[in-house]
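The values are calculated or read from the model by the stated rules, or taken from the named source; none is laboratory data. Quick caveat, the model's predicted, so the values are computed rather than measured. Ideal geometry is used to build each Cβ from the backbone, glycine not excepted, and the neighbour counts take in all protein chains shown. Accessible surface areas use protein heavy atoms only, side chains included; no ligands, DNA or RNA. Shrake-Rupley method; radii C 1.70, N 1.55, O 1.52, S 1.80 Å.
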Amino acid sequence: MKKNILSIDTSCDETSVAVTEGYQVLANVIASQVQLHKQYGGVFPTVAKQAHQQNLAPAIKATLKRAGKTWAEIDAIAVTQGPGLAPALEIGLKKAKALGEKYGKPVIPVNHIEGHILAVLARPKNKKDLEVKLPALAVVVSGGHTEFVLVKKLGEYQRLGMTVDDAAGECLDKVGRLLGLGYPAGPVVEKLAKQGDETSFPFPLPMTDVKNFNLSFSGLKTHSKRLIKELELDKKTTANFCASLQAGVLNHIVYKLEKLLADTEVKELWLGGGVAANVELRKKLRAVAKKHQLTFRVPYTKKLCGDNAAMIGLAAMNREAKGNLDRRPRWAIDQN
Ligand code: KG4
Ligand code: ZN
């Protein structure tokens, strides 16, 4: 019998609840707060906390209904313990604890990054599990994180590189804001980039003189700021800038990934996180995987790239219930 898990993610600005059965996603409900945070041009933690408080109970009810499950059929509750915004994490953890006590279910705390990594294993209802070959290299690219993680076994990870400042999605969002593209700007940058010429504004390749596999996106942001000040932002120029910025961000990821793969033996390349919805990023990583004869995997739907609770349910499969449910806002993937 496969385990039915009800999972909760309130790490940032989406209140999400899912029911998974093994690796199959039965329901994955996301109550987005994007409209609330638009006015601030980013996520405002206390506003996020309040919205999670309002949305969580109705989201749980709706998810169980959509999955066609009752509490009696749920084997465990999974919840994001970190990393994420402390006030936001707290809402999900408190709720999971209360529900665990009320219905007598074990509560499994999960690392949000592990969720993004394992989202590639998700399957639609009634589909067979994937047969993956390990070790794999997971590239997690989101609004809060940009990391290269070695997946030795499911549940056993080593972080090989990470951004030393902004995340890739954060860079797209911040520069997109300067271009007047609203929040979050990442998907708008991708759309406009399709009509632009990426050679219009050459971007420097960061960290080429650093031997490790860390990344840095703040230089691209500063470079953008300087250029944008001098520009007349008409439609054509904005499209050209978006194409150039996107190429700058993606080329940096690919450059460091190539260096890492020259140094590390893996069998598969996995991509996850909100920016994994970007078609150009997928194309570039697929090409890298092909060159290195690696199997390339991305989540089966874009909904599983951004923050969602189904990925938390999948990560809980390799984890145990714990009594300590204190929030861990800075929990690194390779820390126990
Ligand atoms: O994983 P996610 O939902 O939240 C975090 O954990 O951060 O990622 C959100 C990020 C935002 O920065 C957003 O602009 C970016 O993912 N994003 C994209 C695309 N869709 C979302 N960036 C580029 N192209 C996209 N299509
Ligand atoms: Zn995330």
Averaged per residue, the 1.4 Å probe accessible area of the chain, protein heavy atoms only, in Å², is roughly 45
Placing each pseudo-label 7 Å from Cα in the direction of the beta carbon, LEU134 and VAL279 end up separated by a distance in nanometres of 3.4
In the chain the DSSP beta bridges are antiparallel at a rate, in percent to nearest 5, of 55
Protection proxy (average C-beta count within 10 Å per residue), highest first, orders 188-196, 282-290 as 188-196, 282-290
With a 20 Å threshold on alpha-carbon distance, the violating pairs from LYS125/LYS284; LYS259/LYS283; LYS221/LYS284; LYS3/LYS128 are LYS125/LYS284; LYS221/LYS284
On the accessible surface of region 272-336, probed at 1.4 Å with all protein chains in place, carbon and sulfur together account for a percent value of 44
Checked against the positive end of the charge dipole of the chain (+1 on Cβ of Lys and Arg, -1 on Cβ of Asp and Glu, about the Cα centre), the farthest of ALA67, ALA239, LEU154 is ALA67
To the nearest 20 debye, region 56-196 has a Cα-centred charge dipole, built from +1 on Lys and Arg Cβ and -1 on Asp and Glu Cβ, of 700
Rounded to a whole %, the carbon-and-sulfur portion of the accessible area of region 20-61 at a 1.4 Å probe is 52
About its Cα centre, region 89-154 carries a charge dipole, from +1 on Lys and Arg Cβ atoms and -1 on Asp and Glu Cβ atoms, whose size in debye to the nearest 20 is 340
With the charge dipole of the chain built from beta-carbon charges (+1 for Lys and Arg, -1 for Asp and Glu) about the Cα centre, the Cα from THR20, PRO184, LEU227 projecting farthest to the positive end belongs to THR20
Computed over the chain, the distribution of all Cα-Cα distances in 20 Å bins, rounded to whole %, is 33, 57, 11, 0
With every protein chain kept in place and a 1.4 Å probe, the residues MET162, MET207 fall, from largest accessible area down, as MET162, MET207
Quick calc, region 166-206, dipole around Cα centre from Cβ unit charges on Lys, Arg (+) and Asp, Glu (-), nearest 20 debye, gives 140
Any aspartates and glutamates whose Cα falls less than 13 Å from that of LYS235, other than same-chain ones fewer than 8 residues away, would be ASP197
Under 16 Å by backbone N from the virtual spin label 7 Å along Cα-to-Cβ at TYR40, the residues of region 142-180 are 144, 174
Within region 212-304, DSSP-loop GluC sites (Glu not before Pro) with at most 10 other C-beta atoms within 10 Å are GLU230, GLU232, GLU265
Length-normalised contact order of the chain, Cα under 8 Å, at least 6 apart, in percent, tallies to 25
Share of accessible surface on carbon and sulfur in region 91-203, whole %, 1.4 Å probe and ligands ignored, is 51
SER200 and TRP71 label points (each 7 Å along its Cα→Cβ direction) are spaced in nm at 5.6
For the chain, the charge dipole (Cβ of Lys, Arg +1; Cβ of Asp, Glu -1; about the Cα centre) points to a positive end, and the Cα of ILE253, LEU93, LEU281 closest to that extreme belongs to LEU93
